[in-house]
Amino acid sequence: MITGGGSGIGRALAQAFSGAGASHVVVADIDGDAAAEVAQSIKGTAVELDVAEEAAVVDLVGRVESAHGPIGIFASNAGFVTTGGVEDANERIQHMWEVHVLSHVYAARAVLPQMIANGGGCLLNTASAAGLLTQIGSMSYSITKAAAVSLAEWLSITHRHQGIHVSVLCPQAVDTSIVDNSPDAHLLEEDGLGKGVSSGDGVLDADAVAAACLDAIRNERFLVLPHPEVAEYALRKATDIDRWLNGMRRFQHSLFPDGHLPGDALA
């Protein structure tokens, strides 16, 4: 079962799981037409779903279990990007919190009882390299992705003895429609902020990211880092936080030498 499965990484995951022999793949997306297109290509099931609505997630999990049996892998993958700092509207911050953090909580809450009862399962939660590092120009993206990583750590510690494997996906730039589908798309495109912390490390295609996820699941690895550079960046951050912060300030200046970031009303 994959949320955000109608495009990008979610679409690639659906195709990869199907190709790897999944007995059935459920493609859920807020864009029902996109979900249907992906599901049709792999002979799966499409569902229109807003992951910020817990009741809808619970209902879907129940219907999938009744129709197709226990869910072995739940890939909680929906997400979007915004710009802005502390001046951002509370409603926008809250919505990103719901999609990037609470959706993972809702998924785990809904699916863990049946996974545990059946001897185990896998949660694959999409976060971002920003969750280990930061996202220049987007406070909300940075803090919610960091929370998503922390939640995945907690789930892994708490439920591993019950047969639950947790992997958290933390990519940098991936060739997807996440920028186009985001409310600040015009700002991201104009200023290149969609590249975020990933500038210079290359843009991966979604199929490569999905392959990395399958490999991590098979080998029961927690961190999925399609961009291996992220491990080194996280190590530098952990080893000398002040030096890392100075480096990120220099990087931000290289992207925005005039000091004006997209959406920053305080600039």
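Computed values, structure above
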{"item": "³J(HN,Hα), Karplus 6.51/-1.76/1.60, whole Hz, each residue of the range 13-18, x for Gly, Pro", "result": "5, 4, 5, 5, 5, 4"}
{"item": "Folded to 0 to 90 degrees: helix 241-255 orientation relative to the chain principal axis, Cα", "result": "80 degrees"}
{"item": "Binned Cα-Cα distance frequencies in the chain - 10 Å width, integer %", "result": "7, 31, 37, 19, 6, 0"}
{"item": "Alpha carbon centroid spacing (whole Å) that separates the range 1-41 from the range 96-120", "result": "18 Å"}
{"item": "Gly121 long-range amide H proximity, modeled H, under 5 Å", "result": "Ile164, His165"}
{"item": "Inter-site label distance for Thr158 and Asp205 at 7 Å from Cα along Cβ, in nm", "result": "3.9 nm"}
{"item": "Helix 139-159 vs. the chain, principal-axis angle (Cα, 0 to 90°, nearest 10)", "result": "40 degrees"}
{"item": "Sorted largest first, extent of the range 40-88 alpha carbons per principal axis (Å)", "result": "46, 27, 19"}
{"item": "Backbone HN-Hα couplings from phi across the range 63-73 [Karplus 6.51/-1.76/1.60, Hz, Gly and Pro as x]", "result": "5, 5, 4, 5, 7, 10, x, x, 7, x, 9"}
{"item": "Within the chain, helix-based [θ] at 222 nm, where runs of 4 or more DSSP H residues each add -39,500 (n - 2.57), nearest 500", "result": "-15500 deg cm²/dmol"}
{"item": "Computed Rg/Rh of the range 1-115, alpha carbon atoms with Kirkwood Rh", "result": "1.00"}
{"item": "Residue-normalised accessible area of the chain, given per residue in Å² at a 1.4 Å probe", "result": "46 Å²"}
{"item": "Accessible surface of the range 35-133 [probe 1.4 Å, protein heavy atoms]: carbon and sulfur percent", "result": "52 percent"}
{"item": "Ranked by how many other beta carbons lie within 10 Å on average, peptides 206-215, 233-242 from highest", "result": "206-215, 233-242"}
{"item": "Helix 32-42 axis, angle to the chain major axis (alpha carbon atoms, nearest 10°)", "result": "60 degrees"}
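The values are calculated or read from the model by the stated rules, or taken from the named source; none is laboratory data. In this text the structure is predicted, and so the values were computed from the model without any measurement. Backbone-built Cβ (ideal geometry, glycine too); neighbour counts: all protein chains shown. Accessible surface areas use protein heavy atoms only, side chains included; no ligands, DNA or RNA. Shrake-Rupley method; radii C 1.70, N 1.55, O 1.52, S 1.80 Å.
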